[in-house]
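Each remark here refers to the structure printed beneath this line.
Only the coordinates and a few stated rules stand behind these numbers; no lab work does. Every value quoted in this text rests on a predicted model; they were computed, and no experiment measured them. Cβ: placed from backbone, ideal geometry, glycine included. Neighbour counts: every protein chain shown.
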Amino acid sequence: MSAMLEVASVSKNFGGVIANRDVSIRIEQGEIVGLIGPNGSGKTTLFNSIIGYHPVDAGSITFEGREITRLRVPRIARLGLIRTFQQTRIFGKMTCMQNMAVSVPNRQEGLAASFSRFPKALIDRAEELLEFVGLHEKRHLRAGDLSFGQQKLLEFAMALMNEPRMLLLDEPTAGINPTLINGLIDRLQRANQQLGITLLIIEHNMRVIMNLAERIYCLAHGQLLAEGEPSAIQNDQRVIDAYLGAS
């Protein structure tokens, strides 16, 4: 049976610098999977290759049984494979509701339009998802006036507007006030359980990823170092030496 996402022997070089070398990962539908490793280990490059931002030099990528190795970012996004970024990509001068509207493909004309000109179904969906992430009361505030943690929640809701089948999240808790982290974890779990969204998460907060992920892949020097359940990863001497044991 084919996996939801299968990365097979992918390699990516930048001017002779090896970012990923022969990396293979497999994600089943409905899973929450972690991707860890020290800075410079190739995690973000792998994400960018999966979504079509960096064409790979070798290997193949398959999503729901369809090869996407040479597809461009918009085409892959339309298949339901969406990513978020470590640094939020929101429109700070626009309201949360306006950000939600323009996150939908073919709605970029909304940048210069009143939100009232959008279809009611889209408005209803935006309000529903802002409620889901706990930002409904702030829906008419400018996104730039939100805290960084709230901006992360807004970006998460914007990604959900595209009805993803799978989300790639790049350090979702980075820079967030610790008091908001548990709320974000809860919403990620609810998105997985209630909305049926498969999650692949890059995360440096070990407490978060060890409690959230069912399986974890660890990269080091662009190569796959280890894969397994959180308890196995925590006790893998190779991972401890390369990452967890580093001060």
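Some values worked out for this structure:
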item	result
Fraction of alpha-carbon pairs over 23 Å apart in the chain - percent	51
Proximal lysines relative to K138, as straight alpha-carbon distance under 25 Å, when same-chain residues fewer than 8 apart are discounted	K93, K120, K152
Gaussian network model of the chain, springs between alpha carbon atoms under 10 Å - residue of T84, T179, T45 with greatest fluctuation	T179
Loop-resident sites, the stretch 203-247, for GluC sites (Glu not before Pro), counting at most 14 other Cβ within 10 Å (DSSP)	E214
Quotient of C-alpha Rg and 2.2 N^0.38 Å, computed over the stretch 1-92	1.08
Average projected area [Cα convex hull, the stretch 120-201], square nanometres	5.3
Cα-based reach from K12 at 16 Å (exclusive), listing aspartates and glutamates while leaving out same-chain residues under 8 positions away	D22, D57
